[in-house]
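First comes the structure, then the notes that go with it.
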Amino acid sequence: MRAIGRRRPALLAALLVLLVALPAPISAAEPAGRRAALGTNLAPVASWSTQTPFVDAFHTARPWISNAEGAPWGEGPPLDLTPQGWVASLAPGQRADTILLDGGGYPPGEYTIRWTGTGRIAFPIEPPEIVSEGDHRIVVRPDVRAGLWLSIVETDPADPVRGIEVLLPGFGEMPDPPLYHPRFLAQLRGFRVLRFMDWMQTNDPVVGSGVAGRARMDDATWMRRGVPMEAIGALATLLDAEPWITIPHGATDAQARALITTLADALDPGLRIWIEWSNETWNPVFPQAAYAIERGTALALSTDAFQAGLFFHARRASEIFVIAADAIGRARFVGVLAAQSANPWTGEQVSGFENAAAGADVLAVAPYIDGYGSPQAAPRIRRLSVAQLIARMRRQVDGPLRQVTEENRAVAEAAGLELVAYEGGQHLVGVNGAENDRRLTRLFVSTNRSPLIGALYRRYLAMWSAASGGGLFVHYTDVSPYGKWGSWGAREDQRQGLRRAPKADALHDWIADAPG
């Protein structure tokens, strides 16, 4: 009791700081007009994800790693793979390894491994507890903190091991298990649009170039070249949500048509497809920005390289819309032109070039709450408390972010387009070296876990609704772990309930309060 008594003044002072920094009641910022519908981006499909989207976890396995007796890890001879990425044959002394379940988000229990073909599966590294073995079937109890390290050590070239499944606990006895995990589906219900940019690996230089080809349902792993359109269409149909796809920047006309028609065939015909050419082609961080500048400059669209890239975005997006209209009909899709939120001039360039707006429906921007993670800002930001940082973010929402959103809305409306957000949310992450500032990272992670950010999100969504005219807002992203590379997820872990996920709680409150 004495220890508590000595701490009481400090606690009272902390409470006073907290109360002073609490955002004003959200009712003061509620939109007077149309309320924004919500969508969400889906986090990348990866072995290290803290999300369990699929009942068959092998969809998230890493691409095969070649190993050989006496060689360092990963330095075996080149693997002989089928077009779908299965191991067609092994050289003497060679094995093919993969890793899955290593994100810490998977449930403990018994996992059932099944496959077809002739060969042998083993676990030479971090072996799990073997519960039972049978014909083309092994039941294991892995340590999901370490992941499951699975190897093909023998395979018959005439009948290679393929079609491997790793079924989550509770699904091992099903001859035809569902594709999607019930918990994953439950957490996405209510979102009007699902953006699949990361599922399509749009920012990957190889996949984005188009040379990898279209992902297919029988691919060995969906980490290799993304999630197939058939699976995307199935998910959107199950959730009655419209899919937003990002056509790879290097896709040919034929490849773009195949993506669009395959998705349309797999999708409930009452749902539209949102179609965007690539992702953030203005952003030099991504390879598609260099591609857009290269193509725009080669075509002499402008003597200014950055503007040439914007103009090429407009032209290529317009070409994709024509392809889509011919393939599935104009009423079946939403044409998306994209621009940089902080620079409304980019929206003017994209929408105005060659009358691109005439073939589109929306202008999309990413109104992040940003600007706190640069090396220049880090020294002063890292000294703040969570409450003080939230107060700064609230002022940004109410001031500069509202103003630039209104400017972007004016650009969109002048072009006859609706303003929407392809991404958005907090953007607390160190950049250009500041990601290694541990104190800054701790502050950013703590802020994302604080109930105060839930209140901020409610105010932020209200601001967006009012300033954008009620345009769709697609949050980035649904589930991902927090750390030095950002705290993007509305949840850190798929097993996390709303009480421990203030951002997700705010998003679902917004959905629940929507009229109708």
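One residue stands out in segment 460-478 among those that are under 15 Å from the mean Cα position of the chain (by Cα) and not aliphatic (A, V, I, L, M): the one that is nearest to residue 362 (Cα to Cα), namely 473.
Of the residues 236, 220, 231, 254, the single one that is more than 16 Å from residue 42 (Cβ to Cβ), at pLDDT 95 or above and not in a loop (DSSP other than H, G, I, E, B) is 254.
Listed by first and then second residue, the pairs linking a residue in segment 393-422 that is without any contact (Cβ under 8 Å) to a residue 40 or more places away in the chain and not assigned by TED's automatic domain parsing to the domain that holds residue 345 to a residue that is buried (at least 18 other Cβ atoms within 10 Å of the Cβ) and β-branched (Val, Ile, Thr), with Cβ atoms under 7 Å apart and 6 or more places separating them unless they lie on different chains, are 396/369. Summed over segment 141-163, residues that are buried (at least 20 other Cβ atoms within 10 Å of the Cβ) and over 13 Å from residue 99 (Cα atoms) total 3. Within segment 144-164, residues that are in the same structural domain as residue 101 (by TED's automatic domain parsing) reach partners that are among the β-branched types (Val, Ile, Thr) and not in a strand (DSSP E or B) with beta carbons closer than 7 Å, at six or more positions or on different chains, in the pairs 149/125; 152/161; 155/161; 156/118; 159/118. The lone criterion from (1) assigned by TED's automatic domain parsing to the domain that holds residue 88; (2) in a loop (DSSP other than H, G, I, E, B); (3) buried (at least 17 other Cβ atoms within 10 Å of the Cβ) left unmet by residue 112 is number (2). Restricting segment 156-170 to residues that are in a loop (DSSP other than H, G, I, E, B) and within 26 Å of the chain's Cα centre (by Cα) leaves a set whose member that is farthest from residue 117 (Cα to Cα) is 169. Counting only residues that are more than 16 Å from the chain's Cα centre (by Cα) and crowded, with 21+ Cβ neighbours inside 10 Å, segment 186-218 holds 1 of them. When the residues of segment 240-259 are narrowed to those that are farther than 15 Å from residue 208 by Cα and in contact with a strand residue (DSSP E or B) (Cβ under 7 Å, 6 or more places away or on another chain), which ends up surrounded by the fewest Cβ atoms within 10 Å (Cβ to Cβ)? Filtering first and then ranking leaves 241.
The values are calculated or read from the model by the stated rules, or taken from the named source; none is laboratory data. Since the model is a prediction, treat every value here as computed from it, not as a measurement. All Cβ positions, even for glycine, are placed from backbone atoms using ideal geometry, and neighbour counts span all protein chains on display.
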